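The values are calculated or read from the model by the stated rules, or taken from the named source; none is laboratory data. Model, not experiment: these values are computed from the prediction. Here the Cβ positions follow ideal geometry from the backbone for every residue, glycine too, while neighbour counts run over all protein chains shown. Side chains are part of the model used for accessible areas, which takes the heavy atoms of the whole protein and leaves out ligands, DNA and RNA. Shrake-Rupley method; radii C 1.70, N 1.55, O 1.52, S 1.80 Å.
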Protein chains: 2
Amino acid sequence: MLWSGWGDPAKARELPDQVKKLLGDLLGVRAPVAPAAALEEVRLPPIALTEALLGALAGVVGEQHVLTGHEDRVRHTRGKSTPDLLRMRAGDGGDAPDAVVLPGSHDEVAGLLELCSRERIAVVPFGGGTSVVGGLAPSGRDRFAGVVALDLRRLDRLRSVDTESMLADFEPGVRAPDAERLLAAHGLTLGHFPQSFEYATLGGFAAARSSGQASAGYGRFDDMVAGLTLATPTGTLELGRAPKSAAGPDLRQLVLGSEGAFGVITSLRLRVRRAPAERRYEGWRFPAFAAGSAAARALAQEGPLPAVLRLSDETETMVGLADPEAIGSGGPGGCLMITGYEGADVEPRRARASAVLARYGGEPLGEGPGQAWEHGRFSAPYLRDSLLAAGATVETLETAGFWSNLPRLYDAVRLALLGALGSPLVLCHISHVYETGASLYFTVVVAQDGEPVAQWERAKEAVNAAVVEAGGTITHHHGVGRDHLQAYGREIGPVGVRILRAVKESLDPEGVLNPGVLIP
Amino acid sequence: MLWSGWGDPAKARELPDQVKKLLGDLLGVRAPVAPAAALEEVRLPPIALTEALLGALAGVVGEQHVLTGHEDRVRHTRGKSTPDLLRMRAGDGGDAPDAVVLPGSHDEVAGLLELCSRERIAVVPFGGGTSVVGGLAPSGRDRFAGVVALDLRRLDRLRSVDTESMLADFEPGVRAPDAERLLAAHGLTLGHFPQSFEYATLGGFAAARSSGQASAGYGRFDDMVAGLTLATPTGTLELGRAPKSAAGPDLRQLVLGSEGAFGVITSLRLRVRRAPAERRYEGWRFPAFAAGSAAARALAQEGPLPAVLRLSDETETMVGLADPEAIGSGGPGGCLMITGYEGADVEPRRARASAVLARYGGEPLGEGPGQAWEHGRFSAPYLRDSLLAAGATVETLETAGFWSNLPRLYDAVRLALLGALGSPLVLCHISHVYETGASLYFTVVVAQDGEPVAQWERAKEAVNAAVVEAGGTITHHHGVGRDHLQAYGREIGPVGVRILRAVKESLDPEGVLNPGVLIP
């Protein structure tokens, strides 16, 4: 993973000429004056942890698993939001941990949390490091004796598979591609393919309520979690004896989405599926976003629901974002829908869904657009790096709401972005559908001004306020982190905030876990 | 509703002669010596609430909505578990509230909770009064200035319907048949049909995580709750802006299952479905429970899943419990499965499911057994009254687990019952199936000894311990109440209990809400 960008440097993508021209002509993007900092130039705070505390950490995990080198600290600084990358490119490593600790077992995690609570060391749980909401930047670090990144990479095992119950027990540090590889040996899959797929970990998916591109078919990640173990500074919580229960509140759902603020997930029992015998992805064109949206709603409410269902609005379709290879080459016009069917009986479901789509004015475009989308499904973050280098800020944000409220939400977010950024390019697609509503996923491109972080933060603040005001949820699958904190507080209200604080205090009385994240 | 039994007295069912004979011959059941008490004979505790406090309650809801009459108090005493009924039949009204209050709005509920918290009056939220786990019997009442039953019957409106989002906003006191009637006017249904259907309320379904007989098709009640309002002594919580969210823990799932211990649900936004165009219920015979269970598992994991799927074990099939009209007449032998299909395209789903069932050794029995089951689906509680009168204790209990653990769970519960009760009749069916597991629903019949409540409590305690020990959840759809409290504590462990206490203390610092229920 690039420390100041996304993914494998070998996969970096040069911007096509037509895109560069488009950026210049349309958005006034100009190459930035200063080049990006080199890794060794990143400015880090001095290590606050004393030798004695570093020794105590090593006492739990072993000396070789406490890292304090420059590169290790840089690579555990912040996540992968655009402001995160802009700061790193500017050489600002101010949020770096003092040390990176690598526990090798649940007991070591529990031991670390106990130690850190006792010694008031802030702990930032670190999986794939792909947070895009500021979930890895601790706040108020001067209140602590130091900050450690608790990197879960050594907890990388598939511990058992129960094919009768279709459950797999994983450690939390397993990266998504490894999980798929390990399950494939059993003919199984999770079917969880978010854009962060190549780097994100299972524990991170759970802690941040991830949702994948095929979640219509395989469910959100939170749907897959049948059981889990949470290590906290004050003890261990083990949950999940049955698919569903009436034994009180579903405490699993309190851990899911807790973003490392209540504890560290040390094991996950996940529902798995048979690896699909067949896959078929297709494109459809709709005359307008409203018509395509109605068709998507019909599939969600009456079925059959494809495993992948994504509908781009007119602008996103025009720009061609569903197929990053073809960006700027002009889309099919109208609104592009991608439908994907997976499993054993693709054809009858495809036929029934196609009939519904046609009834709502959809025009089939065949497998070409579907395959192009599938080919490029994880490319967008690579493209962002090139755009940042070219002087454009590109960032994504997302929300969800009930169907009848979706047009209001769509307008509110667009208006907020236009108001805050002048004339950005705003693209949108429906990324996930449910019977009662859907999520809207926005991509924004704007020319960087002299203070691109502040420029984006103004826009983000305006959008957050607009989403809350328009009745949407502040995030459908990115999480709260620090970037959504204030809006989240408005969303759940003072009683909701009080509940979170009570739980936090009961599990983490010293407040060392991911301080500043999640709890408004 | 009968105060000491179930349902409409006009629907009371005399036991068929062959059942009486069976009970006598097989279980040694003899008619009890003492006849059941009459309503006016029920012994109630003196009213502890002072005139001043009764006046303060009246100040919130109006004088006509504070009831202290003998019959009102008797009718709000406990729920409908067999021990509850045995106590009522014995004239024991010791758990009666001092008064019944009937709020007419969210604001009145909030006002009552504030008052009761300030004056330390225990509050037992009361919907349909159908709890079978001791959810309506407050404990430690001498710590309070009195106990009120907060009856939600006046909050009985369907407030709005959003057919685009397929959502309906209800008040919590709406009884299930009324909800169906109100929705039918819009061509809609909830599809929620638990055995308590005729009397239970929507708020109660939510507070106790109800699951219905058609939950395989329509989802559990907790799946239907898109939004809710919770009045607490310290403020109001409003949740639900989208079908799903990554905005922190799903706090809806903390309210669902909270059994009135965190607050009172004052509104529910529920996902609705189109009323089914067609319904078809059928019977299948399997040679053994294991074979039928494997078939049910195949439908849950590979589809298509019928809306209703129920598999009786050999004993339940023999007794004929799936068709209460035919009890004792001898079932079809083997294990009876009921499958029900509902919706617009019954036939293709039925055909595909039938092929799966046949592959697992199922033999189709046609619509006869399905119709008989449908006809008698709400009859069992009526039958219980007749059995109690005849001198038999009959009670149900249920659990759930993952598929691979189900045989262990089945054996453990049966063994515990045999150990505690000598030679009871133990019937079981799989009542709800999921991809990863299923629930087991047991019916127990035994001759009453001289102390039938204590007799049953011993059995229940043995089963609770066995369920926890065997790795199941202590309840799949009945709730925790008081009867599962200790086992629930073992299920979620000390950290889980600490979380519940922290939430409770934050919302209900005086502990007036349903004391003794839910929180171990």
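Here are the numbers:
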item	result
Segments classed as helices (runs of 4 or more DSSP H), wholly inside the range A:41-141, with at least 1 members that are over 21 Å from A:Gly263 (Cα atoms) and modelled with pLDDT of 95 or more	A:51-61, A:70-75, A:82-89
Verdict on B:Gly140 being under 20 Å from the mean Cα position of the chain (by Cα) and of a type outside the set (Phe, Trp, Tyr)	no
Condition met for B:Asp223 (more than 30 Å from B:Gly370 (Cα to Cα) and either among the acidic types (Asp, Glu) or assigned to a helix (DSSP H, G or I) (or both))	no
Scan of the range A:462-483 for residues that are open to solvent by less than 20 Å² (accessible area, probe 1.4 Å) and at the interface with chain B (Cβ under 7 Å from one of its Cβ atoms), ordered by number	A:Gly472, A:Thr473, A:Ile474, A:Thr475, A:His476, A:Gly479, A:Val480
Residue tally, condition without any contact (Cβ under 8 Å) to a residue 12 or more places away in the chain, open to solvent by 20 Å² or more (accessible area, probe 1.4 Å) and either more than 7 Å from chain A (Cβ to nearest Cβ) or part of a loop (DSSP other than H, G, I, E, B) (or both), over the range B:233-260	3
Qualifying residue in the range A:143-155 (condition: under 29 Å from B:Leu299 (Cα atoms) and outside any strand (DSSP E or B))	no
Filter result for A:Leu256 (aliphatic (A, V, I, L, M) and in contact with a Lys or Arg (Cβ under 9 Å, 6 or more places away or on another chain))	yes
Criterion (touching a helix residue (DSSP H, G or I) at 6+ places or on another chain (Cβ under 7 Å) and open to solvent by 10 Å² or more (accessible area, probe 1.4 Å)) met by exactly one of B:Val426, B:Val356	B:Val356
Qualifying residue in the range A:173-183 (condition: out of contact with any Leu (no Cβ under 9 Å at 6 or more places or on another chain) and either of a type in the set (A, V, I, L, M) or in a helix (DSSP H, G or I) (or both))	yes
Positions within the range A:388-420 being more than 20 Å from the chain's Cα centre (by Cα), under 21 Å from A:Asp25 (Cβ atoms) and open to solvent by less than 20 Å² (accessible area, probe 1.4 Å), in sequence order	A:Gly391, A:Ala392, A:Leu417
Cross-chain or 6+ apart pairs with Cβ under 8 Å, the range A:491-503 first and at the interface with chain B (Cβ under 7 Å from one of its Cβ atoms), then acidic (Asp, Glu) and open to solvent by 20 Å² or more (accessible area, probe 1.4 Å)	A:Gly493/B:Glu238; A:Ala502/B:Glu505
Residues satisfying the stated conditions in the range B:184-216, i.e. open to solvent by less than 20 Å² (accessible area, probe 1.4 Å) and either free of Cβ contacts under 8 Å to residues at least 24 places away in the same chain or of a type in the set (D, E, K, R) (or both)	B:Arg209, B:Gly212
Test: B:Val512 is modelled with pLDDT of 95 or more, under 26 Å from B:Gly111 (Cβ atoms) and touching a Cys at 6+ places or on another chain (Cβ under 6 Å)	yes
Of the criteria (1) more than 10 Å from chain A (Cβ to nearest Cβ); (2) open to solvent by less than 20 Å² (accessible area, probe 1.4 Å), which one B:Ala438 fails	(1)
Residue under evaluation A:Arg153, criteria (1) open to solvent by 20 Å² or more (accessible area, probe 1.4 Å); (2) within 14 Å of chain B (Cβ to nearest Cβ); (3) within 20 Å of A:Ser258 (Cα to Cα), criterion not met	(2)
Some residue of the range B:238-251 being out of contact with any helix residue (DSSP H, G or I) (no Cβ under 6 Å at 6 or more places or on another chain), farther than 26 Å from B:Arg350 by Cα and among the hydroxyl-bearing types (Ser, Thr, Tyr)	yes
Of all residues making up the range A:290-315, the number that are more than 19 Å from A:Ala351 (Cβ to Cβ), touching a residue at least 60 places away in the same chain (Cβ under 8 Å) and more than 14 Å from chain B (Cβ to nearest Cβ)	7
Residues of the range A:422-435 that turn out to be within 14 Å of chain B (Cβ to nearest Cβ) and not in a strand (DSSP E or B), as a count	2
Residue list for the range A:272-289, filter: open to solvent by less than 20 Å² (accessible area, probe 1.4 Å) and within 13 Å of another protein chain (Cβ to nearest Cβ)	A:Val272
Condition check for B:Pro172: open to solvent by 10 Å² or more (accessible area, probe 1.4 Å) and either closer than 30 Å to A:His484 by Cα or outside the structural domain of B:Leu49 (by TED's automatic domain parsing) (or both)	no
Some residue of the range B:39-52 being open to solvent by less than 20 Å² (accessible area, probe 1.4 Å) and closer than 23 Å to B:Asp151 by Cβ	yes
Candidates B:Gly493, B:Gly489, B:Gly471, filtered to the one that is at positive phi and assigned to a helix (DSSP H, G or I)	B:Gly493
Selected residue [small (Gly, Ala, Ser), in contact (Cβ under 8 Å) with a residue 12 or more places away in the chain and assigned to a strand (DSSP E or B)] from B:Ala438, B:Ala416, B:Ala465	B:Ala438
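Each row is one residue, and each column tells you yes or no for (1) farther than 30 Å from B:Asp107 by Cβ; (2) surrounded by fewer than 19 Cβ atoms within 10 Å (Cβ to Cβ).
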residue	(1), (2)
B:Leu23	yes, no
B:Leu26	yes, yes
B:Gly59	no, yes
B:Thr68	no, yes
B:Glu71	no, yes
B:Ser81	yes, no
B:Leu85	yes, no
B:Asp92	yes, yes
